[in-house]
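Below is one structure, written out as C-alpha cells; the observations come after it.
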Amino acid sequence: MAREIGYCIFTFEGGDWTNDNFEGLDRGFAAARELGYAYVEVPSYVYRAGSARSDFQFLHRMGRVFALSERHGVPLSAIFAAADLLDDDALEEEADQLVVLARLVSTIGVRYLPVTLSMGRTGEGTDEAARLGERMSEVGRRTLEHGVKLAAHPHIDCPLESPAQIAAFGDAADPEAVWLALDTGHVLAGGGDPVEIATTYAGRTAYVHLKDLDQAAYRGAAGRDKYLAFRDPGKGDVDFPGVLAALERAGFDGPILAENDMSPDPRASMAQAYAYVRDELRL
C-alpha cells in the first residue's frame, strides 16, 4: 500500500485547545518537510478558553496557518474542528461555525473537516449518538456545497465513543453527507476493535488517524490521565496492518495521518512515526 502520509502537528502548539503558538506550528511544519511528510493537520480553535473568538481572531489564526503552510511547502490535509451539536440553544451557531470553516479552508484546497462532537457529554446510551448523526447530516450537506467532506471523529469522553454509539451514529447519518474520521487509538480506547470498525465502515471512512494505545495503561488510569496512555504508532496495541488492509480492500484513498497528541517530544514522535509507517507498514 504505497502512498503519502501526513502528521497531526497539534502537539507542537502545546497539546491543548487554548494556544496560538505559531512558533511551535512553524517548527511542526518545518519538521514535517524535513522528515518527508506529505501534509499536516492543525486544529481550528474556534473557541479560546471557553469563549468564542471574534471574527478577527478567527481569521488571524487561519491566515497565519495558511501562511506557514505556504512558506514550508507542506499542504494542509484538514483543519480539525470541534462542535457541540447537542446544545439546542447554540445549535445554529455551532453548525454555522463548521460551515464557515469549511468555506474558508476550501479556498486553499482543503477537502476534509474532521470533527469531534459534544466533548464532555458522556454516557452509556446511543440516543445522543443517533441525534448527532442526524444533525451532522444537515451540516454535512452544507459543507459539501463548498466541496468539503464533514467527518465525525470517534473520541473518548464524548457520545461517539463505543462501538454501539458509532453504529447508532452511522445508522442515523446520511452516508452521502457525513463520513467517518477513523482514529485507531480512540476506537480502541472506546472498547472497539479498530480492524472491525475499519472493515465495517471502510466505505464511509474519509479520513484516518494512526494513533496507538497502551491498553493496560489506559485501563489503569482515570480522568485526564487516560490520555497519557496514547502512544506513537507501533508502540501500543493497535493492529495497524489489519486496519490498513481493511481500508485497502475497500479502495480507501483519503488522507492518512500519524498522530500522538500527548507526546512530550513532538519532533521525536514525528520521526519515530515516519520510520514506523515507512519501514514496518510499508506505506
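Where a number appears in this text, it was derived from the coordinates with a stated rule and is not lab data. Just so it is clear, the structure is predicted and the values come from calculations on it, not from any experiment. Every residue, glycine among them, receives a Cβ derived from its backbone with ideal geometry; neighbour counts consider all protein chains shown.
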Worksheet item: Using Cα pairs under 8 angstrom and six or more residues apart, how large is the relative contact order of segment 6-279, in percent?
Response: 17 percent
Worksheet item: If we sort 125-133, 205-213 on the protection proxy, mean other Cβ atoms within 10 Å, highest first, what's the order?
Response: 205-213, 125-133
Worksheet item: If you place +1 on the Cβ of every Lys and Arg and -1 on the Cβ of every Asp and Glu, how big does the dipole about the Cα centre of the chain come out, in debye to the nearest 20?
Response: 860 debye
Discussion item. If I build a Gaussian network model for the chain, linking alpha-carbon pairs within less than 10 angstrom, which residue out of 40, 100, 148 has the largest mean-square fluctuation?
Written reply: 100
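May I ask you to list the GluC sites (Glu not before Pro) in segment 213-283 that are in a DSSP loop and have at most 15 other Cβ atoms within 10 Å of their Cβ?
280
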Response to the item:
Mean-square fluctuation maximum in Gaussian network of the chain, Cα pairs under 10 Å, restricted to 256, 79, 108, hits 108
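Arrange the peptides 182-192, 154-164 so that the one whose residues have, on average, the most other Cβ atoms within 10 Å appears first.
Going by the mean number of other Cβ atoms within 10 Å, highest first, we get 182-192, 154-164.
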Practice prompt. Filter the DSSP H helices in the chain by two things, a Kyte-Doolittle mean of at least 0.0 and an axial alpha-carbon span of 30 angstrom or more, and list the hits by number.
Written response: none
